[in-house]
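Chemist: I have a structure I would like to understand better, so I am pasting it below and will then ask my questions one at a time.
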Amino acid sequence: MSDDETDRRLTPLIGLVAVVAGGVLAFALTRLTTAPPASAHELATIATITFLITVTAIVKVPVRIRSATHALTWIEAGVVVALAVAPTEQVVLATGLGVTIATAILRISPVKVVFSVSKNILIAGAAGITLTAAGWQPAGDFGQLIGPLVMAYLVAAVVDELLAIPVIALATRTRVRAQFRTNWDLRLAGFLLRFLVALCTLVILRADTRLLPAIPPLVLSLHLAYSARVRTRTEQQVWRRLAQITDALNVVDLDAVLATAVTKAADLFSADEVEVELHEPRRLVRGSSETVRYDGPTAAAPVSEGFVITAPLEGHRNAAELGTLRLRFLGPIRLSEREQYTLSTFASALYTAIRNATAYAELARVAREHAYDAAHDALTGLANRRHLLEGGDDRLRQKRTGGGIALLLIDLNHFKEINDTLGHRAGDRVLVEVAERIRTAAAPDDLVARLGGDEFAVLLTGLPSPAMATHRAEQLLAVLREPLALADLRLTIEASGGVAMAPNVGGMDELLRRADVAMYQAKRSGRRLVTYAQSRTPDPGIRSPDGELHRTIGDYEFALTFQPIVDLGTGEVIAVEALDHWRHRNRATIGSLRYLATEDTANLLSALVDAVLDQALIAAGHWRDSGFDLPVAVNVVPRCLLDARFPSSVAARLRTHRLPADRLALELTEALSISRLEIVDEVLGRLRDNGVRLVLDDFGTGSACLSLLSRIPVHQLKIDQVFVTAMESSREATTVIRSTVELGHSLDLMVIADGVESEPQRRILWELGCGAGQGRLFGRPMSADGLLAALRRGCGGRPGAVAPALHDPAAVVRLPAARRTAPDARATRSTDPVFRD
């Protein structure tokens with residue numbers, strides 16, 4: 001707002017003050033004209049007090065409030081001194097003349113001249129009336145005169161405050177109460193100081209009235225001292241408030257930082273409006289000392305006019321500029337040197353606060369994304385198994401006054417055929433569409449999850465009865481019946497489901513097991529939905545081995561241990577074999593894959609093989625992430641080789657765990673009885689073409705080993721531990737091992753000795769040309785974490801080694817004949833991707 005606009009706002013109030021002051025001045029002039037002519041002494045007194053009033057009006061302490069600058073003067077002290085030595089009418093006239101002269105010298109606007117003259121005439125008149133009413137007698141005892149002087153000075157000070165504060169509040173658009181509270185202690189101290197000066201002046205004049213001309217220089221000296229005190233006090237307040245604001249900016253919420261900045265800066269710099277504009281993203285926050293008026297895109301911000309002072313938000317050493325801080329005033333102002341430095345300091349603190357809040361917001365966003373990813377399926381966005389188990393346990397622990405809880409498991413039928421015929425991209429689209437249909441059909445409080453592959457789960461809540469669980473499950477399965485459009489094809493999705501009510505004990509693990517049993521029964525019987533019922537559903541852990549193994553797969557009641565395969569020469573781990581065990585409650589621990597190979601459980605074989613592959617590949621990925629990129633070997637029973645879909649299943653597992661195919665080796669056992677089947681040849685050929693490594697296990701124990709080797713495209717031979725154990729005492733065993741090693745070298749195959757338990761066995765095998773071995777000498781089967789700890793610990797200061805090297809790397813070794821004519825394990829490893837570094 002310009003000075004003219006300010007004057008127009010103040011005109012009514014100033015006009016009222018001027019009218020009243022004009023009446024007081026007219027009354028004083030009337031008294032003067034009716035009195036006898038003034039003597040030369042009286043004229044000199046009037047001239048002196050006029051000069052005194054002029055000086056006290058000129059010397060002032062400027063105070064800027066927003067775009068308006070106001071001043072603290074000594075006029076009331078001069079008025080009281082003048083009233084003590086001259087009649088009231090003369091003081092009123094001298095006050096009007098002195099203030100008029102002072103305003104002319106200071107060149108202020110006419111409206112301010114009128115207000116200043118009128119206000120001070122009223123102060124002189126009010127103080128004079130008070131002094132007269134209090135019985136002032138200039139010739140009386142000085143002690144008796146202090147009371148009237150105090151009363152007159154108080155009246156002058158109160159009239160000054162009552163007239164000046166409302167005008168300042170109106171000019172700066174602030175509250176009158178707030179203006180009264182601002183620096184009240186400093187104003188009070190100033191009043192007391194000026195009163196003491198007035199009192200001392202009267203003491204001096206009472207001693208000799210001729211000393212009156214010396215009073216203005218004295219007032220000027222005291223004014224300079226008081227001005228310095230005011231400036232010091234103001235600077236202390238500013239720095240204290242700046243420190244408080246800097247502390248208030250020390251938060252991690254960007255919105256709070258910006259809101260604090262605009263409101264506190266408006267108060268700190270006495271600005272009418274403050275705005276902070278950020279470059280990235282384009283955002284503008286604008287407000288006053290009371291509130292934030294706008295917070296949004298810069299382009300959409302309303303236009304705001306006024307005099308603007310800007311400060312860039314930039315760091316030290318030419319750091320990137322984040323935005324701009326703007327102080328807006330209604331009229332033109334000029335910041336002092338102290339205010340400019342304060343603005344620079346505040347802008348720097350705001351820059352740091354914005355950077356910190358932005359960095360924290362980014363960290364919080366990344367943490368939220370990671371937390372979301374950890375609990376949700378990446379493809380469909382549904383909850384994953386972990387989220388289902390944790391969320392389900394939370395709901396089961398709560399008091400369910402709103403109804404029961406059930407779990408529905410859904411498994412798509414023949415989904416593998418979609419992947420095989422249309423490709424995995426089409427399969428992913430089908431999964432996304434199925435997930436969306438289930439999510440849309442589920443109730444708002446239901447928890448929908450994808451457990452992996454083509455298996456989905458829905459935790460049903462708020463069920464009034466078990467029958468309602470079956471009804472809800474049928475509704476969810478019904479949404480999958482509608483054909484799905486995929487490119488130019490229309491696919492019909494078939495699914496099997498199992499639903500179970502939450503048990504009283506066992507939590508989500510038991511609920512998941514029951515729903516899994518019901519779902520498996522639905523698939524086995526060809527029904528669309530089966531509801532678990534304890535009374536008519538046989539306990540799979542008691543009634544049938546098939547049921548036991550189904551729970552083994554669903555609840556991961558099998559254990560994988562890992563045994564290192566070691567370079568016999570260096571002692572370094574070059575691969576790992578995964579060994580699976582079934583943790584049976586009532587029987588000894590047995591190999592689950594080998595058990596399935598001998599039982600009529602072909603319908604469970606594929607699921608268990610997939611589960612074992614998953615666990616093995618998860619471990620391999622964990623080792624790789626920890627710096628040990630080791631291939632893992634998994635035993636495969638012959639029945640798997642009769643399934644033409646087995647290579648595709650293996651490839652899908654590798655893609656799921658993001659491992660290259662040459663990080664997996666399949667150990668073929670008992671292949672003799674099926675080696676002549678064409679389907680086996682096709683399956684093994686596809687596995688090798690996909691990059692998976694094949695190992696012929698227990699080599700040498702069968703009568704048809706050589707014929708098998710000519711047909712099966714393997715990469716490695718594993719010598720049975722029977723020969724390794726007997727070779728120290730049996731020449732025949734040593735001959736078999738030597739022949740196997742030579743055969744492997746001639747076919748460019750890696751040869752691994754199984755069952756190495758002593759250093760003499762290791763050395764003999766190495767001298768025979770065998771490159772690698774495994775056995776208790778290098779480590780018993782252990783957990784994935786245990787193996788990782790052993791790799792990190794290393795041997796002889798060599799991480800990744802589990803045994804000392806046979807020879808010092810710098811030593812000259814005279815090789816035996818077999819070793820001179822055959823590559824060692826390290827040379828073979830350089831050409832065989834399975835054992836590459």
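Chemist: Looking for something hydrophobic (A, V, I, L, M, F, W, C), surrounded by fewer than 20 Cβ atoms within 10 Å (Cβ to Cβ), more than 21 Å from GLN340 (Cα to Cα) and more than 29 Å from the chain's Cα centre (by Cα) - is there at least one such residue anywhere in segment 282-296?
Modeler: No: zero hits.
Chemist: Considering only residues that are closer than 15 Å to GLY498 by Cβ and open to solvent by 10 Å² or more (accessible area, probe 1.4 Å), which ones fall in segment 406-457?
Modeler: Selection gives ASP411, ASN413, LEU451, ASP454, GLU455.
Chemist: Considering every residue within segment 580-600, establish whether at least one is among the charged types (D, E, K, R), closer than 23 Å to MET782 by Cα, under 43 Å from the mean Cα position of the chain (by Cα) and at pLDDT 90 or above.
Modeler: no
Chemist: Does ALA811 qualify as being open to solvent by less than 30 Å² (accessible area, probe 1.4 Å), assigned to a loop (DSSP other than H, G, I, E, B) and either at pLDDT 90 or above or hydrophobic (A, V, I, L, M, F, W, C) (or both)?
Modeler: Spelling it out, it is not the case that ALA811 is open to solvent by less than 30 Å² (accessible area, probe 1.4 Å), assigned to a loop (DSSP other than H, G, I, E, B) and either at pLDDT 90 or above or hydrophobic (A, V, I, L, M, F, W, C) (or both).
Chemist: Tally the residues that are farther than 18 Å from LEU560 by Cβ, assigned to a loop (DSSP other than H, G, I, E, B), of a type in the set (Gly, Ala, Ser) and touching a residue at least 24 places away in the same chain (Cβ under 8 Å), restricting the search to segment 759-795.
Modeler: 3
Chemist: Just one of VAL650, VAL637 is open to solvent by less than 10 Å² (accessible area, probe 1.4 Å) and modelled with pLDDT under 90; which is it?
Modeler: VAL637
Chemist: Would you confirm whether any residue within segment 708-717 is at pLDDT below 85 and touching a Pro at 6+ places or on another chain (Cβ under 9 Å)?
Modeler: no
Chemist: Can you run down the residue pairs with Cβ atoms below 8 Å, 6 or more apart or on separate chains, where the first is in segment 454-477 and at positive phi and the partner is among the hydrophobic types (A, V, I, L, M, F, W, C)?
Modeler: Close Cβ pairs (under 8 Å, with a partner that is among the hydrophobic types (A, V, I, L, M, F, W, C)) amount to GLY462/ALA443.
Chemist: With the structure loaded, tell me whether VAL17 is in contact with a Lys or Arg (Cβ under 7 Å, 6 or more places away or on another chain), closer than 18 Å to ALA127 by Cα and in a helix (DSSP H, G or I) or whether it fails that test.
Modeler: So VAL17 passes the test.
Chemist: Do we find that ILE101 is open to solvent by less than 20 Å² (accessible area, probe 1.4 Å) and in contact (Cβ under 8 Å) with a residue 40 or more places away in the chain in this structure?
Modeler: Here the answer is no, as ILE101 does not meet what is asked.
Chemist: Can you find a residue in segment 290-301 that is assigned to a strand (DSSP E or B), modelled with pLDDT of 85 or more and over 16 Å from ASP255 (Cα atoms)?
Modeler: Within segment 290-301 (the criterion being assigned to a strand (DSSP E or B), modelled with pLDDT of 85 or more and over 16 Å from ASP255 (Cα atoms)), the answer is no, since none of the residues qualifies.
Chemist: Open to solvent by less than 20 Å² (accessible area, probe 1.4 Å), among the acidic types (Asp, Glu) and either over 30 Å from ALA271 (Cα atoms) or at pLDDT 70 or above (or both): which single residue out of GLU42, GLU76, GLU89 fits that description?
Modeler: Going through GLU42, GLU76, GLU89 in turn, the sole match is GLU76.
The values are calculated or read from the model by the stated rules, or taken from the named source; none is laboratory data. On a predicted model such as this, the values are computed, not experimentally measured, just so you know. When we count neighbours, we look across all protein chains shown, and the Cβ atoms used for this are built from the backbone with ideal geometry, even at glycine. These accessible areas exclude ligands, DNA and RNA; they are computed on the full protein's heavy atoms, side chains included. Shrake-Rupley method; radii C 1.70, N 1.55, O 1.52, S 1.80 Å.
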